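Contents: one structure, followed by commentary.
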Amino acid sequence: MVKPPDKKDRLVQAAKLLFYRRGFAGTSLADVAEAAGVPAGNVYYYFKTKEQLAEAVVSSYHANIQGWNQAAAAGDTPQQRLKLWLDGYYQMSVDGDDWNCPFGRLLIDLRQQSKRLGELAATLYESMMEWTEGQFSRMSQPPEQARANAQTLVARAQGLGVLAVVLQDRQELRAHFQEIADWVDSQKGSQR
């Protein structure tokens, strides 16, 4: 039997959705409590401020990214791992009721809120670039090329995540992600 999420997890998941739909500034702790089905007073037991809740949301997204990385580790070559990682990004872009790319909105919203929260949200992209850069490095690419390719890959995936909101067409979006996968296949180097 699967244990239902505890109150803290429900609050974080509700905040992720509301921060995406309404933005950070447009979401109150009371809104999050209502969406999570938790009494408003209980929110303060877990999160004293909305900023603490934002930190938990970023941490939850880091866990999502780690899940993609672990799933992608099943690939035999760096190209296969990168394409599996892209599949995770695609799924995030088309899953749920909202076509979305929550990272970009969160980064912008939190950066507007405070420099510290903006820097925290930026770590989502930094962790994605670090992992993808590691895969390009395993192709024996020089560090500057591996870094540039990682930035290109993450930027293109991010752009398609945003485009998903406009297109709302799985087949067309899949074709665009396939173009990125083809680009990944074109990268040369030894396989480690």
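General observations
- Count - residues of region 55-94 that are modelled with pLDDT of 95 or more, of a type in the set (Val, Ile, Thr) and in contact with a Ser or Thr (Cβ under 8 Å, 6 or more places away or on another chain): 1
- Residue among Ala164, Ala148 that is surrounded by fewer than 16 Cβ atoms within 10 Å (Cβ to Cβ) and among the aliphatic types (A, V, I, L, M): Ala148
- Test: residue in region 171-192 that is at pLDDT below 95 and closer than 18 Å to Lys16 by Cα: no
- Region 62-77 residues that are closer than 17 Å to Tyr125 by Cα, paired with ones that are hydroxyl-bearing (Ser, Thr, Tyr) (beta carbon under 7 Å, 6 or more apart): His62/Ser127; Ile65/Ser127
- Wholly enclosed helices (runs of 4 or more DSSP H) of region 90-192 bearing at least 3 residues under 18 Å from the mean Cα position of the chain (by Cα) and without any contact (Cβ under 8 Å) to a residue 24 or more places away in the chain: 102-113, 115-137, 143-167
- Check on Leu18, surrounded by 15 or more Cβ atoms within 10 Å (Cβ to Cβ), outside any loop (DSSP other than H, G, I, E, B) and free of Cβ contacts under 8 Å to residues at least 24 places away in the same chain: yes
- Listed here are the helices (runs of 4 or more DSSP H) enclosed by region 26-85 that have at least 3 residues being within 21 Å of the chain's Cα centre (by Cα), of a type outside the set (Lys, Arg) and surrounded by 19 or more Cβ atoms within 10 Å (Cβ to Cβ): 50-72.
Yes/no per residue for (1) of a type in the set (A, V, I, L, M); (2) touching a helix residue (DSSP H, G or I) at 6+ places or on another chain (Cβ under 9 Å); (3) at pLDDT 95 or above; (4) farther than 30 Å from Asp31 by Cα:
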site	(1), (2), (3), (4)
Gly96	no, yes, no, no
Tyr125	no, yes, no, no
Ala146	yes, yes, yes, yes
Val165	yes, yes, no, no
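The values are calculated or read from the model by the stated rules, or taken from the named source; none is laboratory data. The structure displayed is predicted, hence computed values, not measured ones. All Cβ positions, glycine included, derive from the backbone under ideal geometry; neighbour counts span all protein chains shown.
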